[in-house]
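Chemist: First the structure, which I've put down as structure tokens, then a few questions once you've had a look.
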Amino acid sequence: MHPHAKTMVRPVLALLLVLAAAITIILVLPQGTAGVWSLAIGMGALIAALVWFVTPFLRWRTTTYEVTTRRLRLREGIISRSGRDFPLNRISDVSFSQGLLDRMFGCGRLIVESPGEAGQLVLREIPDVRRVQAVLFELVGEEEARAGRVGQLGDGT
């Protein structure tokens, strides 16, 4: 899965603001100088759109979260890629948090904890975070039962 589309609210607003400002400035320009200035304003708007919209869009589309029966994977990066894997048998706690806006959009932060060096993994803007947390918690329980480590997450399973 990808982060929730809520991630793109600010970039879309920035794009709309850049477009509105560029159009307004072009319409206000005096008739005799509109050609050269319109081109300069258009180029400035294009650069601003690339920085404030296209880059966040690519970052959003190239970030993936994957839950398998054995591990949780995070992959991110536009040009160069990086990743982090959490084996389910190393996860000690799975929790989530949602602010008011997150609840309205149906997303939130998933916090996955693991003892040792790996520490904590915070995944932001997870769609349907409560369901993902429940599924991940269940998979961790199944992995522990498979490994013979029953009851580690404190739920008695």
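The values are calculated or read from the model by the stated rules, or taken from the named source; none is laboratory data. Keep in mind it's a predicted model, so treat the numbers as computed, not measured. Heads up, the Cβs are rebuilt from the backbone with ideal geometry, glycines too, and the neighbour counts pull from every protein chain shown.
Chemist: Suppose the filter is over 18 Å from the mean Cα position of the chain (by Cα), assigned by TED's automatic domain parsing to the domain that holds P127 and more than 17 Å from V129 (Cβ to Cβ); does R81 pass it?
Modeler: no
Chemist: Right, something else. Only one of (1) in a helix (DSSP H, G or I); (2) closer than 22 Å to V129 by Cα; (3) in contact (Cβ under 8 Å) with a residue 40 or more places away in the chain fails for V9. Which number is that?
Modeler: Of the numbered conditions (1) in a helix (DSSP H, G or I); (2) closer than 22 Å to V129 by Cα; (3) in contact (Cβ under 8 Å) with a residue 40 or more places away in the chain, the odd one out for V9 is (3).
Chemist: Check segment 81-89 and report whether any residue there is out of contact with any Gly (no Cβ under 6 Å at 6 or more places or on another chain) and over 30 Å from A147 (Cα atoms).
Modeler: Scanning segment 81-89, I find at least one residue that is out of contact with any Gly (no Cβ under 6 Å at 6 or more places or on another chain) and over 30 Å from A147 (Cα atoms), so the answer is yes.
Chemist: Continuing with this model, one more query. Given the residues G35, G83, G77, which is the only one that is without any contact (Cβ under 8 Å) to a residue 12 or more places away in the chain, closer than 30 Å to S114 by Cβ and not hydrophobic (A, V, I, L, M, F, W, C)?
Modeler: None of the others qualify; the one that does is G83.
Chemist: Turning to a different aspect of this structure: Among the candidates E125, E143, single out the residue that is within 23 Å of the chain's Cα centre (by Cα) and either of a type outside the set (F, W, Y) or within 15 Å of P87 (Cα to Cα) (or both).
Modeler: The unique qualifying residue is E125.
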